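> What follows is a structure written as structure tokens; I'll ask about it next.
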Amino acid sequence: MKYFEVQFHFSAPDGMLQDVKDVVAAMAGEAGFETFEDTDDGLTGYVQRELFDETALNNALEQLPFGEEMGVSVDYHISEAPDRDWNEQWEQEGFDPILVGTHLIIYDGRHLPSTLTPQPSVSQPSTLNSQPSTLNSQLSTLNTQLSTLNSQHSTLNPQPLTIQIEARQAFGTGNHATTRMMCQALMDLGLEGKTILDCGTGTGILSIVALKCGAECAVGYDIDEWSVENARHNAALNGVEQQFTSVFGNATVIRQLQRKFDVVAANINRNILLTDMPLMRQALPQYRGTLLLSGFYREDVPQLIAKARSLGLHLEDEKGEDGWSMLQFRVK
């Protein structure tokens with residue numbers, strides 16, 4: 001499979017560079033990019049040559065929530081990526097275990113920590129049976145990291161909820177503030193027997209958390225075919241594949257589903273939320289239901305609240321972390 005390598009270069013004030021990286025990765029992902037590598041002044045993104053749409057990329061970058069007036073500029077350079085064994089390279093990468101609140105640990109499914117009880121699954125990652133010396137070293141490192149997490153949070157449940165994720169990028173693993181806030185909000189809702197709609201499912205993390213918290217079923221949709229398959233795979237890793245449906249498409253999928261959901265969750269950028277919120281509202285029952293939104297900055301909150309109120313939604317909770325926000329609405 002042939003790829004383009006796109007070098008993104010950012011100029012941003014101190015303290016904003018990581019935010020710019022996070023947002024560009026999310027938006028470029030919507031334009032077809034499959035994975036990213038961090039660089040000193042930006043990102044290197046990879047996209048299949050036959051699927052690359054530079055117009056879609058430029059349109060996505062035009063929607064960035066910051067610009068030159070904030071001292072931020074973005075440019076990029078496209079080149080043909082050298083042929084590489086993408087699967088082998090990705091198997092060697094991963095992310096450190098992440099603690100959400102005090103009762104949820106998200107860890108890299110390719111490097112299973114032995115201190116965690118494995119979740120029921122249809123199949124285990126192939127990396128568990130290869131390169132044992134390297135894997136033992138990785139397990140030792142992960143065990144140390146988990147011990148540190150537990151010591152830093154003395155109130156941690158002795159048997160916290162553990163979820164393993166095999167992800168294409170950090171967004172959707174719990175590394176990002178918006179994902180952590182959404183996971184925590186789902187855990188706080190009381191989801192026993194509830195139905196979930198996961199808009200822009202990505203890795204499937206929100207659906208999996210909801211199902212592990214007692215939800216009856218979850219449907220997730222995404223505009224990226226790779227993400228649709230990745231979400232299914234992660235659901236199987238966590239033993240919830242029978243309760244999870246992953247669908248390819250955008251918010252118009254909601255019309256095709258022709259059903260209502262108790263909870264609608266969307267961790268997407270501001271502009272897409274504003275455009276798709278009427279369809280998300282249609283997916284909620286007339287007199288009850290919860291809408292969880294994240295993927296935007298604090299300065300975007302008033303605009304999103306105003307849009308939600310115009311659709312008959314009442315603000316129930318608002319949270320923030322690292323400049324990012326999450327809003328929880330109820331049907332009036």
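> Once you list every other residue whose beta carbon is under 15 Å from the beta carbon of residue 255, what net charge do they have if Lys and Arg are +1 and Asp and Glu are -1? Let's see the in-between values first.
Working: positive: 259, 260, 281; negative: 276.
Result for the neighbourhood of residue 255: +2.
> Rounded, prolate or oblate: which fits region 254-315, taking a ≥ b ≥ c as square roots of the Cα gyration tensor eigenvalues, rounded meaning a/c under 1.5, else prolate when a/b beats b/c?
Prolate, since a/c reaches 1.5 and a/b exceeds b/c.
> Let me ask something additional. When Lys and Arg each count +1 and Asp and Glu each count -1, what net charge do the other residues less than 11 Å away from residue 59, Cβ to Cβ, add up to?
-4
> Sum up the charges of everything whose Cβ sits under 15 Å from the Cβ of residue 68, counting Lys and Arg as +1 and Asp and Glu as -1, but leave residue 68 out.
The answer is -3.
> Work out how much length residue 44 to residue 298 would gain on full extension: take 0.36 nm times their residue separation and subtract the Cα-Cα distance, in nm to one decimal.
88.7 nm
> Follow-up question, since we're still on this one. Could you sort 259, 288 by their accessible area in this structure, using a 1.4 Å probe and putting the largest first?
Largest to smallest exposure gives the sequence 288, 259.
> Oh, and also: Using heavy-atom solvent-accessible surface (probe 1.4 Å) with all chains present, what is the largest-first order of 163, 78?
Sorted by accessible area, descending: 78, 163.
The values are calculated or read from the model by the stated rules, or taken from the named source; none is laboratory data. Because the structure is predicted, anything quoted here is derived from the model rather than measured. Note that we place each Cβ from the backbone using ideal geometry, even for glycine, and neighbour counts take in every protein chain shown. Calculation scope for accessible area: heavy atoms of the full protein, side chains included, ligands and nucleic acids excluded. Shrake-Rupley method; radii C 1.70, N 1.55, O 1.52, S 1.80 Å.
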